[in-house]
Amino acid sequence: MLGLSMARLFASAAASPTIKVEVLPYKVHRIEAPSNVVETNVEELMGFYKLMYKMRRMEIAADMMYKAKFIRGFCHLYDGQEAVLTGIEAAITLKDSIITSYRDHCQHVSRGGSIVSLMAELMGKQEGATKGLGGSMHIYNRKNNFYGGNGIVGAQIPLGAGIALAHKYKGEPNVCITMYGDGAANQGQKYEALNMAGLWNLPAIFVCENNHYGMGTAEWRAAKSPNFYTRGDYIPGIKVDGMDVLAVKNAVAFAKAHALANGPIVMEMDTYRYHGHSMSDPGSTYRTRDEINAMRTERDPIERVKKLLLTNGVDAADLKKIDKEVKKEVDDAVEQAKLGKIPPLAWLWRNMYMAPLGAGMRGVLPDEYHVPAFDPSYKS
Amino acid sequence: MLASRNTRASGARVAAAPAQRAILAARSGRRASVAAQAQKKEIMMWEALREAIDEEMERDPTVCVMGEDVGHYGGSYKCTLGLYKKYGDMRVLDTPICENGFMGMGVGAAMTGLRPIVEGMNMGFLLLAFNQISNNCGMLHYTSGGQFKTPLVIRGPGGVGRQLGAEHSQRLESYFQSIPGVQLVACSTVKNSKALLKAAIRSDNPIIFFEHVLLYNVKGEAGDKDDVACLERAEVVREGTDVVIFTYSRMRYVVMQAVNELVKQGYNPEVVDLISLKPFDMETIAKSVKKTRKVIIVEECMKTGGIGASLSAVIHESLFNELDHEVVRLSSQDVPTAYAYELEAATIVQSSQVVDAVHRIVGATAPVRA
């Protein structure tokens, strides 16, 4: 019931006629399932299509840039999982908080960051989202409550509980969406965080993006119970078809209302990543190409929205136009990022600490000292 | 963890070891003169720390405390005694036993603008939270390109106690010193503990604040609510000329006990309490090194990889020509701290060893003075 009324709020914002879509029924644990009939309209679906296609092209561009050696180190791509993030963002506001692990490129953009700043960060330029100091795994956007971007999987889960604690401490009507994968779901600190969130009824939504592989290990080989939505035990859980943006949006809206009223909830998003774990993983040694292709043809999130739009009167040519615009936006951003500047050496020691200590730092060689110039504007 | 609760339950250190009794005896003269002065009250270090936390929580509503048994139990060393009644359960938060979890929670809360004081019941337990302290706390300001600050204070007792066993006698400053982005501060007296903790809470940097299990009942005067120390300044405990002894935390008392003996023998050592373990106060340190030209470091860290090892390297590398003698460093032995009283005493530095070190570096007899 809650899900339906929340969805109606979104639909009523636009003028186009309501479309009712039946999504895969939710599997639930210790809670009553929301209705699986989701209301939407063409305008909203167009927004989803555009954002998801943007994410898709962005990640493909990152793939090409990595192979061309403009991007180095670790690079974890999100293509295939776009519906999860798009659905989440549709159900919350920028005043709610999101934290995730290293598969974080799309969160930057969905939280209002520019594609240029993302690409620049991946290429290690000073115009990057974290000034070239963080890299692929450390993208943050404080202004719009995106808390990163964490390299050690699972460590973001207690952080997310802390952000939810702060929302409650300050009396804010906001939730913290803490995202992690099926691999990280086996971390002890997740259960520590669940326990505390449950004890104090924190407005925390724990989202397990189950793409079925923790790097090269299939979920059934790593988890005694792969029913991640039940593993919060006393914390209610809900399993969602993560390849369907409408299913996700509806469920997250339901979860937000629950979290604000009652406390934490676990969500399992059944999703899939087309790429390997990262760019160093071909992604085919532990799964078959048939499986990947089957996902693409049967469950691709963008194709699903496209089909909905076409059956609801949108012209295929309009969609092609959007495709072209988005592709151009991404390509332009990549080119602009390539022209960016390398961060100056002095940034190595700038603002190691928040406040100046009046302390110098020793360099590599003896007699080398660096007095970091404290720059109070170095924060957002 | 049960061990530390028992030590608190036994109350003040009635059965003090010989070394500590000697310290108290040595200070009785000073205490008499203090009593003769103005009516400033003498309190114990745990009370001073509690005052600091209370005053800062009253001053700033974003300051909060989280840790095991900090609330209803009152803190295993009483540093938060009764505060939950004044500020409520959310601001003095009793956490379950999950250091990794609640340290991460503290960091997450700090990222949003709160100023948590996260207590490790014993510093050694924070090894479980190392990832959160290193990656998500220390490095965050840097890797986020300056977007986030983590104004956390991570505090708790560490060091070798009274037969607490190997796992409850650790010196975490050894491990934490390499983390880029954190500040390490060690308090030692009632006065500096309160003033430094207040400064640490007000600082926007993540501060790891080292207290010592055996110093909570040390008595002294504390400053008032505006007494806020500088976190990066060392304290010159005693001015001297023959040699400078750098030390910190409980070893300060071991050194002063040795100094009392040395003064009787005619020596004139300078004693500097480092206070700021990272970064070192090189201004004060260099001044003392240049004045005395002989350096002894007395630390409770083990010989390998401790604060003293770093300080020794810094002094040799940057002040080599100011030295008449290589730095003599007294550290604990590279062994797990034994339970038996005598073996535990042999693990750490004793005051007689400090006296011997001064004899070795200055000379078997005190220098003749004009």
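Bear in mind that the values in this text are calculations on the coordinates, not laboratory data. Since the model is a prediction, treat every value here as computed from it, not as a measurement. Cβ sites come from the backbone with ideal geometry, for glycine too, and all protein chains shown count toward neighbours.
Using every Cα-Cα pair within the stretch B:235-364, state what percent have a distance larger than 26 Å. Of all Cα-Cα distances in the stretch B:235-364, 16 percent exceed 26 Å. With a cut-off of 20 Å on the backbone N, the residues of the stretch B:162-196 near the modelled label site 7 Å out from B:ALA345 along Cα-Cβ are B:162-166, B:169. Applying the criteria of a DSSP loop state and at most 13 other Cβ atoms within 10 Å to the trypsin sites (Lys or Arg not before Pro) of the stretch A:305-362 yields A:LYS341. Ignoring the sites themselves, chain B has its longest run without GluC sites (Glu not before Pro) in a DSSP loop having at most 15 other Cβ atoms within 10 Å at B:1-238. Sequence-ordered 3J(HN,Hα) estimates for the stretch A:229-244 from the Karplus curve with 6.51, -1.76 and 1.60 and θ = phi - 60° stand at 6, 9, 7, x, 6, 7, 8, x, x, 8, 9, 10, 6, x, 9, 10 Hz, glycine and proline given as x. Charge dipole of the protein assembly as shown (Cα centre as origin; +1 on each Lys and Arg Cβ, -1 on each Asp and Glu Cβ, all else neutral): 780 debye, rounded to the nearest 20. Of all beta bridges that DSSP places with both ends in chain A, some 35 percent have antiparallel geometry. Given the pairs B:LYS41/B:LYS198; A:LYS170/A:LYS249; A:LYS256/B:LYS225; A:LYS50/A:LYS143, which span a C-alpha to C-alpha distance of over 31 angstrom in this model? As for pairs spanning more than 31 Å Cα to Cα, those are A:LYS256/B:LYS225.
Between B:ASP356 and B:VAL335, the FRET efficiency from the beta-carbon distance, with R0 = 25 Å, is close to 0.75.
Taking amide H atoms as placed 1.01 Å from N in the peptide plane, the amide H of B:ASP69 lies under 5 Å from those of B:THR95, each 5 or more residues away in sequence or on another chain. Taking every alpha-carbon pair under 8 Å whose residues sit at least 6 apart, chain A reaches a relative contact order of 20 percent. Working note: Debye formula, equal point scatterers on the alpha-carbon atoms of chain B, no solvent; log10 I(q)/I(0) at q = 0.07 Å⁻¹ is -0.29. Among A:LYS168, B:LYS198, A:LYS190, sorting on how many other beta-carbon atoms sit within 10 Å of each Cβ, with the fewest leading, yields A:LYS168, B:LYS198, A:LYS190.
Rounded to the nearest 0.05, the FRET efficiency derived from the C-beta distance between B:LYS86 and A:ARG287 at R0 = 56 Å is 0.45. Counting only DSSP beta bridges whose two residues both lie in the stretch B:42-221, roughly 10 percent are antiparallel. In summary, the lysines within cross-link reach of A:LYS224, defined as a Cα separation below 23 angstrom excluding same-chain residues under 8 places away, comprise A:LYS27, A:LYS190, A:LYS239. In order along the stretch B:361-368, the phi-based Karplus estimate (6.51 cos²θ - 1.76 cosθ + 1.60, θ = phi - 60°) of 3J(HN,Hα) comes to 8, 9, x, 5, 10, 5, x, 6 Hz; Gly and Pro are listed as x.
Rg/Rh for the stretch B:162-206 stands at 1.05; both radii use Cα atoms, and Rh follows the Kirkwood definition.
Counting every other Cβ atom within 10 Å of each residue's Cβ, A:LEU85, B:LEU330 order from fewest to most as B:LEU330, A:LEU85.
Between the listed residues B:MET123, B:CYS98, B:LEU140, the Cα displaced farthest toward the positive end of the dipole of the stretch B:42-221, a dipole computed from Cβ unit charges relative to the Cα centre, is found at B:LEU140.
Starting with the fewest neighbours, write out A:TYR147, B:TYR142 ranked by other beta-carbon atoms found within 10 Å of each beta-carbon. Sorted ascending by nearby Cβ count, the order is B:TYR142, A:TYR147. Counting only DSSP beta bridges whose two residues both lie in the protein assembly as shown, roughly 25 percent are antiparallel. Here the Kirkwood formula, the inverse mean of 1/r across different C-alpha pairs, assigns chain A a hydrodynamic radius of 21.6 Å.
Full extension of the chain between A:TRP220 and A:LYS69 gives 50.9 nm of extra length, using 0.36 nm per residue less the Cα-Cα distance. When the alpha carbon coordinates of the protein assembly as shown are projected onto the principal axes, the ranges are 103, 53, 46 Å, largest first. 3J(HN,Hα) couplings calculated from phi for the stretch B:49-65 with the Karplus curve 6.51 cos²θ - 1.76 cosθ + 1.60 (θ = phi - 60°) are, in sequence order, 5, 5, 4, 4, 5, 4, 5, 6, 5, 6, 6, 9, x, 8, 7, 9, 10 Hz; Gly and Pro show x.
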